[in-house]
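Have a look at the structure below before the remarks.
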Amino acid sequence: MKRDKIFTEWFEANPRGYYGTEEEAQGYYEAYLLGKQSKKKAKSDVDESYKQCIDFWLKEFHKDFTFGGQQGKAMKSIIKKIKTLCQGRNMEGTTEQIVASFKKMCLNFPEWYKDKDLQVIDSKFNEIIHQISTGKKNDNFHSKNSAQRFSEFAG
């Protein structure tokens, strides 16, 4: 059996009795490597979605906003929620679908959310999606500015 250097190091670092024969160990090792590769691919998909969503958020939607660790954490959470939402609608949740969904969500925010930061968007994600999908506007007394509130009483 041909062994590469990495397998030799891995095989020697693990107790032989645990994996049985060297051929069986080779099978475990190959499965281990495949798992590593699939995790890297999944991570790179998330990384690409993250980069594209951040670019849109900072360059096209909120040009004057700052960005730090809290916003990054919120963006990753939003991306996971969008991916879950895509998969629930029989889509794969690819980078393109995630980014398109994020852009659509941002461009269709109910008025109150348009100037909010990513942490608020993340925490109110379900409400935002519901309002966008049902077409309801958050049109209650508290969401109106002073002029709108006054016109109700003066009129």
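The values are calculated or read from the model by the stated rules, or taken from the named source; none is laboratory data. Every value quoted in this text rests on a predicted model; they were computed, and no experiment measured them. Backbone-built Cβ (ideal geometry, glycine too); neighbour counts: all protein chains shown.
Has the stretch 66-85 got at least one residue that is surrounded by 13 or more Cβ atoms within 10 Å (Cβ to Cβ), more than 18 Å from ASP47 (Cβ to Cβ) and free of Cβ contacts under 8 Å to residues at least 12 places away in the same chain?
So in the stretch 66-85, the residues surrounded by 13 or more Cβ atoms within 10 Å (Cβ to Cβ) come out as 67, 71-83, 85.
Going one step further and asking which of them are more than 18 Å from ASP47 (Cβ to Cβ), we end up with 85.
Filter again for free of Cβ contacts under 8 Å to residues at least 12 places away in the same chain, leaving none.
No, the stretch 66-85 has no match at all.
Can you confirm whether LYS63 is free of Cβ contacts under 8 Å to residues at least 40 places away in the same chain, more than 15 Å from VAL120 (Cβ to Cβ), in contact with a Gly (Cβ under 6 Å, 6 or more places away or on another chain) and among the basic types (Lys, Arg)? Give the derivation first.
On the way: free of Cβ contacts under 8 Å to residues at least 40 places away in the same chain: yes; more than 15 Å from VAL120 (Cβ to Cβ): yes; in contact with a Gly (Cβ under 6 Å, 6 or more places away or on another chain): no; among the basic types (Lys, Arg): yes.
So LYS63 fails the test.
LYS103 is checked against (1) in a helix (DSSP H, G or I); (2) surrounded by 18 or more Cβ atoms within 10 Å (Cβ to Cβ); (3) not hydroxyl-bearing (Ser, Thr, Tyr) and fails just one. What number does that condition carry?
Failing condition for LYS103: (2).
Give the residue, chosen from MET75, MET91, that is within 17 Å of ILE129 (Cβ to Cβ) and at pLDDT below 90. Give the steps one after another, and end with the answer.
Values: MET75 fails: at pLDDT below 90.
Unique residue meeting the criteria: MET91.
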